[in-house]
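Below is one structure, written out as C-alpha cells; comments come after it.
Please treat every number below as a calculation from the coordinates, not as lab data. Here the structure is a predicted model, which means the values were calculated and not measured. Every residue, glycine as well, gets a Cβ built from its backbone with ideal geometry; the counts of neighbours run over all protein chains shown.
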C-alpha cells in the first residue's frame with residue numbers, strides 16, 4: 001500500500017472517491033501523478049454488500065445530518081434526508097442504477113435554448129457538445145455502456161415489457177432497454193448481470209460499473225495512490241499567495257490530520273463539495289474558497305423526479321431484473337407548447353418491498369394505502385427524470401445552528417420550485433399515467449418527490465467568472481490549483497442521469513491537470 | 001408478553017416448532033404491546049397477514065425503546081393517549097383515534113416504524129410474494145425475470161439477448 005508523506009507538497013489531494021473523484025484518481029495515477037484520495041466512508045466489497053434492503057441503506061448511505069427548507073416537497077416529506085447519496089469508497093457509484101444517457105447538445109445551451117426565463121439563473125455550458133462528445137465516447141468504452149460501441153442491449157425484463165407495450169400504445173417511438181453501465185457479457189474482469197434487481201444495495205456480481213472495483217483498484221495498482229478511508233475533509237487551506245496548499249481532515253480515529261498539497265480536487269457530491277468550499281473560509285476569503293462571485297452553493301439542481309406505478313390484473317414481479325433498464329426518450333425535447341421548457345426521460349424502476357412504502361408512495365396509511373401494497377406483485381413502475389431550472393437562491397449554505405460530530409456547521413439545502421418544474425412534473429406524471437392506463441392498468445399511483453439522488457450545479461462551470469465557480473475545466477476561477485471534479489461543476493442539469501457526464505468530465509479534467517502540471521502552470 | 005397462534009396453512013406454521021407464538025416484551029407492558037399491535041394493524045391493514053408479522057413489529061419497537069428512553073417515553077405517552085380499549089375497538093374507531101393524533105410526533109414515529117419493520121419481515125415477504133435477496137440463487141436471469149406472457153415480447157432491436165439463449 002502506497003503511503004504519501006503528509007508533508008509532501010507535491011501530492012494532488014482528491015476529496016471523494018465516486019464517479020468524479022475515483023475516475024480522476026485513476027486518470028492521474030496512471031500518468032504517474034501521486035494522489036492522496038480522501039474518502040469519508042468505509043470500504044465495502046462484492047462480498048460485504050448486504051442484500052437486506054434496510055441494512056444496505058445503512059451500510060452505504062450518507063446519514064450525517066443535513067437541514068433544509070423551501071417549497072419543494074422533500075423539505076416537508078423527508079426533512080432529515082434531502083438527498084440520497086453515499087458515504088463509502090466508490091461514492092454513489094456503489095448504489096447507482098447505472099443508467100447512462102448523454103446530456104443533449106441543446107440542453108448544454110440552456111440559456112440559449114430556453115431564452116430568458118424569469119426567476120432562473122440559466123447559463124450555457126462553456127464547452128461545445130462536440131468536445132464533450134469525444135469524452136462521452138471514451139467514458140462509454142470505459143464503462144462498457146450497452147447499446148454503444150457494439151455492446152448488446154440489456155434483455156427485456158417483465159417490468160420493461162409493461163413499459164414498452166404502454167409506450168407503444170400511446171405512440172412513443174424511442175423506447176429501449178436504456179444505455180446502461182452494466183455488463184451483459186463478462187467483460188473488463190467483471191461478471192455479467194444475472195438480473196438480481198439489487199442494483200441499489202451494491203451489485204454482488206460487479207456487473208454494474210463502480211469506481212469501487214474498477215478505477216480505484218487500478219489506481220492502486222499503479223503504486224501512486226494513497227487511499228485514506230474514513231477520512232473526512234473539513235477544511236482546505238491556502239498560502240499567502242491565495243493558492244491552496246493543504247487539506248485538513250479527520251481520520252478514522254477522529255484525529256485531525258493535515259495533508260500538504262500541490263493541487264486540491266473536490267469531488268464530494270454537490271452538497272458536500274459546496275459545504276467544504278464554504279467551510280474553508282479565511283481572512284482572505286471570508287465567504288469561503290472560490291466564492292468571490294458569491295456563486296458557491298447556488299444554482300443547486302436535483303432533477304424533477306418521482307415514481308409512477310401502475311397496478312394490473314396480472315403479475316409483473318417488477319423486483320426481478322436490472323432496476324433501471326428501460327427508457328422512453330420521446331419527451332427529451334424542448335417543446336414549450338407543452339407548457340414548460342426542457343425535457344424529461346421516463347425510466348424503468350422498481351423498489352424492493354421494504355423501501356417502496358418509505359419513499360415510493362404518496363404519504364398514507366390505512367385501507368387505501370394497504371390496498372396499493374396488496375398489489376405489489378402486479379405493479380409496474382417508472383421514474384421521472386426531468387430538467388429543473390437553476391435558480392440563484394436554490395442553494396447550499398452552512399446551517400448556523402446545527403453542527404456535525406466534528407463541530408462543523410452542516411449543509412442546509414434550500415429549494416423553491418419554479419412553476420416550470422411543477423408543469424414539467426405534472427406533464428411527466430400525466431404521460432406516465434396515460435401509458436399505464438392505455439394497456440388497462442387497474443390503478444395509477446403517483447409518488448411524493450423522493451430525496452434527490454442526482455445533485456448538481458453547486459459550483460458550476462461558467463464562461464463568465466461572475467456566473468459560476470469554475471472555468472470549462474472545473475478549475476476554479478479564483479484559485480488555479482483548486483478544482484471541482486464532480487457533478488457540482490455542471491453548468492445545468494439537462495435531463496440525463498448525471499454519472500456518465502461526471503465521468504466524461506473527469507476524463508477530460510485528468511488530461512488537463514496532467515498537461516498543466518507538466519507545463520508547471522499549476 | 002404477547003401470545004398468538006400462527007394461522008393453519010401459514011408457510012411459517014410449516015417451519016415453526018409449534019403454531020403457538022409468544023413474545024417477551026422488555027420495555028413495553030403487555031397492555032402497551034397489545035395497543036401497539038392493534039395500531040400497527042390499523043396503519044397497515046392486511047387482513048390475511050397474520051398477527052405474528054405485526055407482533056414482530058411490536059417486538060422490534062420494544063427492542064428500540066429498550067435502548068432509547070426518549071423513544072420509550074414517546075410510545076408510553078402516545079399509546080396511553082389511544083386508550084385502554086383501543087385494541088378491542090372497531091376498525092372505524094381505531095382509525096378515528098389515530099386520525100386524532102395524526103399530526104403528532106408520536107404518530108409519525110409509529111407510522112414510520114410500522115412501515116419500516118412490517119414490510120421487512122419474512123412473513124411480509126411471503127405474503128406479498130417478494131423474493132428478496134437473489135444473488136445466492138443466481139439472480140433471476142434464468143428464473144423468471146422475463147416470464148411475463150400477458151403482453152407482447154419486445155423486439156430484439158429495442159432490447160437485447162439473454163446470455164446463453166439462441
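For region B:62-166, what's the relative contact order in percent, using C-alpha pairs closer than 8 Å and at least 6 residues apart? Result for region B:62-166 is 12 percent. Taking the fewest neighbouring Cβ atoms within 10 Å as the starting point, the ordered list for A:502, A:513 is A:513, A:502. Ranked from largest, the principal axis spans of the Cα set of region B:1-157 equal 60, 39, 32 Å. In the protein assembly as shown, what % of DSSP beta bridges are antiparallel (nearest 5)? Antiparallel bridges make up about 70 percent of those DSSP assigns within the protein assembly as shown. Sequence-distant contacts, meaning Cα pairs under 8 Å at least 6 residues apart, place the relative contact order of region B:2-137 at 27 percent. Classified by the C-alpha gyration tensor, region A:356-433 has an oblate form. Its axis ratio a/c, with a ≥ b ≥ c, is 1.5 or above, and a/b does not exceed b/c.
Contact order for chain A, expressed relative to its length and based on alpha carbon pairs under 8 Å spaced 6+ residues apart, stands at 24 percent. Taking 0.36 nm per residue of sequence separation and removing the Cα-Cα distance, the residue B:71/residue B:5 pair yields an extension gain of 20.9 nm. In units of the compact-protein estimate 2.2 N^0.38 Å, chain A shows a Cα radius of gyration of 0.92. Centre-to-centre, using Cα atoms only, region A:238-260 and region A:33-100 are separated by 24 Å.
The order of A:363, A:135, B:75, A:129, going from fewest to most other C-beta atoms within 10 Å of their C-beta, is A:363, A:129, A:135, B:75. Summed over qualifying helices (DSSP H, 4 residues or more, each -39500 (n - 2.57)) and divided by its residue number, the protein assembly as shown shows a 222 nm mean residue ellipticity of -9000 deg cm²/dmol.
Can you tell me the 0 to 90 degree angle between the C-alpha axis of helix A:269-279 and the longest principal axis of chain A, rounded to 10? For A:269-279 against chain A, the angle is about 30 degrees.
Compared with the dominant Cα axis of chain A, that is its longest principal axis, helix A:158-169 is turned about 70°.
Per-residue Cβ neighbour counts within 10 Å put B:106, A:340 in the sequence B:106, A:340, beginning with the fewest. Helix A:499-518 and the longest principal axis of the Cα set of chain A meet at an angle near 20°. Give the shape of region A:1-119 as rounded, prolate or oblate, defined through the alpha-carbon gyration tensor: a ≥ b ≥ c are the square roots of its eigenvalues, a/c under 1.5 means rounded, and otherwise the shape is prolate if a/b is larger than b/c and oblate if not. Oblate is the answer for region A:1-119, as a/c is 1.5 or above yet b/c matches or exceeds a/b.
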